[in-house]
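Comments concern the structure below.
The values are calculated or read from the model by the stated rules, or taken from the named source; none is laboratory data. Fair warning: this is a prediction, and the values are worked out from it, not measured in the lab. Glycine gets a Cβ as well: all are built from the backbone with ideal geometry, and neighbour counts include every protein chain shown. The protein model used for the area step is the full one, side chains on, heavy atoms only, and it has no ligands, DNA or RNA in it. Shrake-Rupley method; radii C 1.70, N 1.55, O 1.52, S 1.80 Å.
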Amino acid sequence: MDTEPAASQFPPNFLAFLKENHIDVDVYNVQKDLPRYVRILRFSQKSACEVCELVQQIRTDAKCDVSEVDGVPGFLRIANQDTKLSQLRAYVAGDIIGMDVSSGIAALSLSVEPGDNVLDLCCAPGAKLLLLAELLAIDAGVSHGTVTGVDISPHRIAT
């Protein structure tokens, strides 16, 4: 994976500060070509064929490789991090949302099942909250558990 040299990004005074404090400038290297991740909404309700068609549609729109993430059901890896979700038909149609795979793993590791009651603190912007609600099978006003999201950070709630 390519990285952009950190030293080229910073003013000389900052580089001098790092050197004086024995901090390696390479800790600030920015990796290029990182993938983008999305989650298929209502994944458990889709057939394998529907998922394949959705992946192919996203691949066509994104003009790059798109693949399912092994071990993390419902997550897709889009190879080009510069892909704009708003340009994907699946996003416009409400079939996918942007969500980092690490957030999905955190939510899935709770092993939430219908009937559980979940409190999500610092929930904004809400992607994990939505996943938890789907896991609880909250659909069409029929609740099989509860999920409550709380966040007090105005800038995160606004996203």
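Would you confirm, using the coordinates I've provided, whether ASP95 is buried (at least 18 other Cβ atoms within 10 Å of the Cβ) and over 25 Å from LEU54 (Cβ atoms)? Quick ask: steps written out before the conclusion?
Working: buried (at least 18 other Cβ atoms within 10 Å of the Cβ): yes; over 25 Å from LEU54 (Cβ atoms): no.
It is false that ASP95 is buried (at least 18 other Cβ atoms within 10 Å of the Cβ) and over 25 Å from LEU54 (Cβ atoms).
Restricted to segment 21-61, and to residues that are within 18 Å of LEU85 (Cβ to Cβ), of a type in the set (A, V, I, L, M) and not in a helix (DSSP H, G or I), which residue is most open to solvent (accessible area, probe 1.4 Å)?
Ranking the qualifying residues of segment 21-61, first place goes to LEU34.
Only residues that are in a helix (DSSP H, G or I) and within 12 Å of the chain's Cα centre (by Cα): list them for segment 62-114, please.
Within segment 62-114, the first condition is being in a helix (DSSP H, G or I), and the residues that meet it are 62, 85-87, 89-92, 101-108.
Matches in segment 62-114: LEU85, VAL101, SER102, SER103, GLY104, ILE105, ALA106, ALA107.
Quick one: what pairs do we get from segment 1-22, first residue hydroxyl-bearing (Ser, Thr, Tyr), second at pLDDT 60 or above and part of a loop (DSSP other than H, G, I, E, B), C-beta under 9 Å, 6+ apart or different chains?
THR3/ASN29; THR3/LYS32
Kindly list, by first and then second residue, each pair from a residue in segment 134-159 that is under 14 Å from ASN117 (Cβ atoms) to a residue that is modelled with pLDDT under 70 and outside any helix (DSSP H, G or I), limited to pairs with Cβ atoms under 8 Å and residues at least 6 apart or on different chains.
Filtered contacts from segment 134-159: LEU136/SER143; HIS144/ILE138; GLY145/ILE138; VAL147/ILE138.
Considering VAL72, VAL112, which residue is touching a strand residue (DSSP E or B) at 6+ places or on another chain (Cβ under 8 Å) and either in contact (Cβ under 8 Å) with a residue 60 or more places away in the chain or open to solvent by less than 80 Å² (accessible area, probe 1.4 Å) (or both)?
On the way: VAL72 fails: touching a strand residue (DSSP E or B) at 6+ places or on another chain (Cβ under 8 Å).
None of the others qualify; the one that does is VAL112.
Could you check LEU18 against (1) more than 19 Å from MET99 (Cα to Cα); (2) assigned to a helix (DSSP H, G or I); (3) open to solvent by 40 Å² or more (accessible area, probe 1.4 Å) and say which number it fails?
(3)
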